[in-house]
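Undergrad: Before we start, here is the structure in question, set down as structure tokens.
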Amino acid sequence: MDEEILRAVNRFQYMTAAQVARLFYPNQHDDNRYVQRRLRRLAEADYLLRLRELPTPRIGSAPLVFTLADRGRRFVSGRGEVLPSAYYRPSEERAKARDNPFMEHTLAAVDVLVAAELLCQCFQVSMPRLITERQLKRMNIRVQPHGQDGRSVTVIPDAWFELEAAEEPAVAIALELDRGTEYQRSWRRKVASLTAWADGPYRSSFEADNLTVAVATSNQARRDQLRTWTRMELEAISGLHLAEIFLFTDASPVATEPVEFFFSPLWYLAGQSTPVALIDLPEEAQADHGLS
């Protein structure tokens, strides 16, 4: 199990005890104390690097964040795992942890990836490919945003992954986590950049013939606000032919069961009021799992 934990931390790059518990011990109800002890032992043995605590919540203590230490990196590499980066400095990892907005945003993305991993455990689903934000940054894919003058920009989703369900073609998902901090101008520029990316270098860079931009927000009002801004920008740049690639939800990947999060109609297109599923399943598979 220690090896499985190290492999997961390598895949996702940063994890808290709560995320590890959700992934490997979903029936453990001890406020993550068992997992915390396990992670502490791995940190004391230099397999994991224990990073600075996140801000203390109103109730309870602040969670620690863990990433692979040098010994852990050498261990998983020796087991055939691909490291997300050959470059590693503990001081830089600690500096990232001190950047609270960055770390909270990153961990929110990990919550979605953990939900996807749990889906693969409980359903006939696989995740053929996963590219984290750090790896996407190194790809350095630049585009000229549609309808905008000026210099090109780098497109970096919060994660990109594929899910392959019930022998259906793999669905490629670019994850965008919204924490309510972007104003209309910034969000619309992001939409223009994503459409230029989807229309341009995306297919050749990712060797994928489909794309869904999954936007996860914290509440319904923000979800609908982003839908409105997205529709406005797509109309302004004559990009309505790409409206169907954007899906929005305010469902929590932590509080919602993975099967529901991905397969139930909890997602909304920019210009339609009827919710849809992030991933479509054949009707027989939906019936087998009580989905509609």
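The values are calculated or read from the model by the stated rules, or taken from the named source; none is laboratory data. Source: prediction; values computed, not measured. Cβ coordinates were reconstructed from backbone atoms using ideal geometry, including for glycine residues, and neighbour counts include every protein chain displayed. To get the accessible areas, we keep the full protein, side chains included, count just its heavy atoms, and leave off ligands, DNA and RNA. Shrake-Rupley method; radii C 1.70, N 1.55, O 1.52, S 1.80 Å.
Undergrad: If we only count helices (runs of 4 or more DSSP H) wholly inside region 112-227, which ones have 3 or more residues that are open to solvent by less than 20 Å² (accessible area, probe 1.4 Å) and touching a strand residue (DSSP E or B) at 6+ places or on another chain (Cβ under 7 Å)?
TA: On the way: elements: 133-139, 184-199, 202-206.
In region 112-227, the matching helices (runs of 4 or more DSSP H) lie at 184-199.
Undergrad: I would also like to ask the following. Given the conditions (1) of a type in the set (Val, Ile, Thr); (2) at pLDDT below 90; (3) over 30 Å from Phe263 (Cβ atoms), report the number of the one that Val76 does not fulfil.
TA: Going through (1) of a type in the set (Val, Ile, Thr); (2) at pLDDT below 90; (3) over 30 Å from Phe263 (Cβ atoms) one by one, Val76 breaks only (2).
Undergrad: Quick one: is Leu242 outside any strand (DSSP E or B) and in contact (Cβ under 8 Å) with a residue 60 or more places away in the chain? Walk me through it before giving the result.
TA: Numbers: outside any strand (DSSP E or B): yes; in contact (Cβ under 8 Å) with a residue 60 or more places away in the chain: no.
So Leu242 does not fit the description; no.
Undergrad: Using beta carbons and a limit of 7 Å, which pairs, at least six apart or on different chains, have the first residue in region 149-161 and on the phi < 0 side of the Ramachandran plot and the second one part of a loop (DSSP other than H, G, I, E, B) and among the basic types (Lys, Arg)?
TA: Phe161/Arg129
Undergrad: Which count do you get for residues in region 37-50 that are open to solvent by less than 90 Å² (accessible area, probe 1.4 Å) and farther than 30 Å from Leu136 by Cα? Write out each step before concluding.
TA: Of region 37-50, the ones open to solvent by less than 90 Å² (accessible area, probe 1.4 Å) are 38-39, 42-43, 45, 47-49.
From what's left, farther than 30 Å from Leu136 by Cα: 38, 45.
Final tally of qualifying residues: 2.
Undergrad: Going by the structure shown, is Arg71 loosely packed, with under 12 Cβ neighbours inside 10 Å, modelled with pLDDT under 95 and farther than 22 Å from Leu113 by Cα?
TA: Numbers: loosely packed, with under 12 Cβ neighbours inside 10 Å: no; modelled with pLDDT under 95: yes; farther than 22 Å from Leu113 by Cα: yes.
No; evaluated as a whole, the condition is false for this residue.
Undergrad: Would you be able to say whether some residue in region 22-44 is in contact (Cβ under 8 Å) with a residue 40 or more places away in the chain and in contact with a Lys or Arg (Cβ under 6 Å, 6 or more places away or on another chain)?
TA: Within region 22-44, the first condition is being in contact (Cβ under 8 Å) with a residue 40 or more places away in the chain, and the residues that meet it are 22-23, 26, 42.
Okay, now just the ones that are also in contact with a Lys or Arg (Cβ under 6 Å, 6 or more places away or on another chain), so none.
No, there is no match, as no residue in region 22-44 is in contact (Cβ under 8 Å) with a residue 40 or more places away in the chain and in contact with a Lys or Arg (Cβ under 6 Å, 6 or more places away or on another chain).
Undergrad: I'm trying to understand the selection: among the residues of region 112-149, which are among the charged types (D, E, K, R) and in contact with a Phe, Trp or Tyr (Cβ under 8 Å, 6 or more places away or on another chain)?
TA: Residue satisfying the conditions is Arg129 alone.
Undergrad: Specify the residue that is modelled with the highest pLDDT; the eligible residues are those in region 83-109 that are assigned to a loop (DSSP other than H, G, I, E, B) and over 19 Å from the mean Cα position of the chain (by Cα). Break it down into steps so the answer makes sense when it comes.
TA: Going through region 83-109, the residues assigned to a loop (DSSP other than H, G, I, E, B) turn out to be 83-89, 99.
When the remaining residues are screened for being over 19 Å from the mean Cα position of the chain (by Cα), the result is 86-89.
Values: Ala86: 67, Tyr87: 65, Tyr88: 69, Arg89: 72.
Among them, the one singled out is Arg89.
Undergrad: Count, please, the residues in region 1-16 that happen to be part of a loop (DSSP other than H, G, I, E, B) and open to solvent by 10 Å² or more (accessible area, probe 1.4 Å).
TA: The qualifying residues number 2.
Undergrad: Please work out which one of (1) open to solvent by less than 40 Å² (accessible area, probe 1.4 Å); (2) touching a strand residue (DSSP E or B) at 6+ places or on another chain (Cβ under 9 Å); (3) modelled with pLDDT under 95 is the condition Trp267 fails and give its number.
TA: Single failed check for Trp267: (3).
Undergrad: Suppose the filter is assigned to a loop (DSSP other than H, G, I, E, B) and at pLDDT 90 or above; does Asp30 pass it? Can you show your working first?
TA: On the way: assigned to a loop (DSSP other than H, G, I, E, B): yes; at pLDDT 90 or above: no.
Spelling it out, it is not the case that Asp30 is assigned to a loop (DSSP other than H, G, I, E, B) and at pLDDT 90 or above.
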